[in-house]
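Following: one structure in structure tokens, then a few remarks.
The values are calculated or read from the model by the stated rules, or taken from the named source; none is laboratory data. Model, not experiment: these values are computed from the prediction. Cβ sites come from the backbone with ideal geometry, for glycine too, and all protein chains shown count toward neighbours.
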């Protein structure tokens, strides 16, 4: 059943900070449509849902709305972020690399909280959903705008197949040197061809102007909780040892300090202790690649066991960091004044969940298993 959009499109003029409200008609002018508001005047007692789609949405097409958001008050943010389309011959605009997408996201969010807030002292929660590229943005938005004391702010996050630590794509990241590869700096994990993670790795220069942008905590929200334990590399796709070897071939007089110490991965305190932020109710879902039918060198079937950078590892790293923050920061502080703090021992696992959603698909749409998990999660949190 098609959705009827009953509210204006929120747009931002490239040349100013003014807001332009239009009906759902696409004008061929230099205006970026930053959000589509759907069913926004209905169900005033329901939370408002914000969606960040899997990839930037063509302004001529409505965004895909997952089943669990249909019929709900929804603002779908049309962030800009270079996105390579195999079927398009158009060159991606150079100004839509990072940090454009996070600027678009926060601009739209600010408009939403200023213009859609309930009247008076009435409280209304915001639940943020993002998938794939949008999941990275949704997670950063939720972690930095979850303020329980505010009557209209983020209360929950659902993220699907997100990248929460882009530095894991670097060959020198510790995640890519497990097991037999741990001490071999030129033999590291590479994503399997045809997977979503492989696609992203091949197109990192399209998304980011520089490797240093991948260390931005708003691109890699896991880095709110820890430093990455890897140096800023000179290449998106090669280890520092490989880059140095190539440089020596092209410039024999070049000097390298390969003995420079790699920074140690260490924990950070987030949210900051004097902050009003709080880890939101969170559901992180991930797909796993289809198990290949090919056999390995010994003739045995491929086991399908994952290691190295993957959607599962991305979700588990962020989820475990969030759980640890609740345990080590929030509950520790609570213990100073709450004699019954032991009753909250299961709170980290209750508030932050990581779930397998299904098998990767080319259309980047969540399957029925994942949608059922989200619907049950929302029911638990929104039921009276």
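General observations
- Residue list for region 34-75, filter: farther than 19 Å from residue 376 by Cα and touching a helix residue (DSSP H, G or I) at 6+ places or on another chain (Cβ under 8 Å): 34, 35, 52, 53, 54, 55, 56, 75
- Residue 354 surrounded by 12 or more Cβ atoms within 10 Å (Cβ to Cβ) and in a loop (DSSP other than H, G, I, E, B): no
- Of the residues examined, residue 304 is one that is in contact with a strand residue (DSSP E or B) (Cβ under 9 Å, 6 or more places away or on another chain), loosely packed, with under 15 Cβ neighbours inside 10 Å and either part of a loop (DSSP other than H, G, I, E, B) or at pLDDT below 85 (or both).
- Just one residue in the set 277, 283 is at pLDDT 80 or above, surrounded by 14 or more Cβ atoms within 10 Å (Cβ to Cβ), under 29 Å from the mean Cα position of the chain (by Cα) and not in a loop (DSSP other than H, G, I, E, B); that residue is 283.
- Conditions (1) in contact (Cβ under 8 Å) with a residue 12 or more places away in the chain; (2) at negative phi; (3) part of a loop (DSSP other than H, G, I, E, B); number of the one not met by residue 364: (2)
- Residues of region 228-235 include at least one that is within 19 Å of the chain's Cα centre (by Cα), under 27 Å from residue 142 (Cα atoms) and modelled with pLDDT under 95.
- Residue count for region 110-131, restricted to those that are over 14 Å from residue 151 (Cα atoms) and out of contact with any strand residue (DSSP E or B) (no Cβ under 7 Å at 6 or more places or on another chain): 1
- Some residue of region 34-57 being at pLDDT below 70 and in a loop (DSSP other than H, G, I, E, B): no
- Unique match (being at pLDDT below 90, within 26 Å of residue 97 (Cα to Cα) and part of a loop (DSSP other than H, G, I, E, B)) among 171, 191: 191
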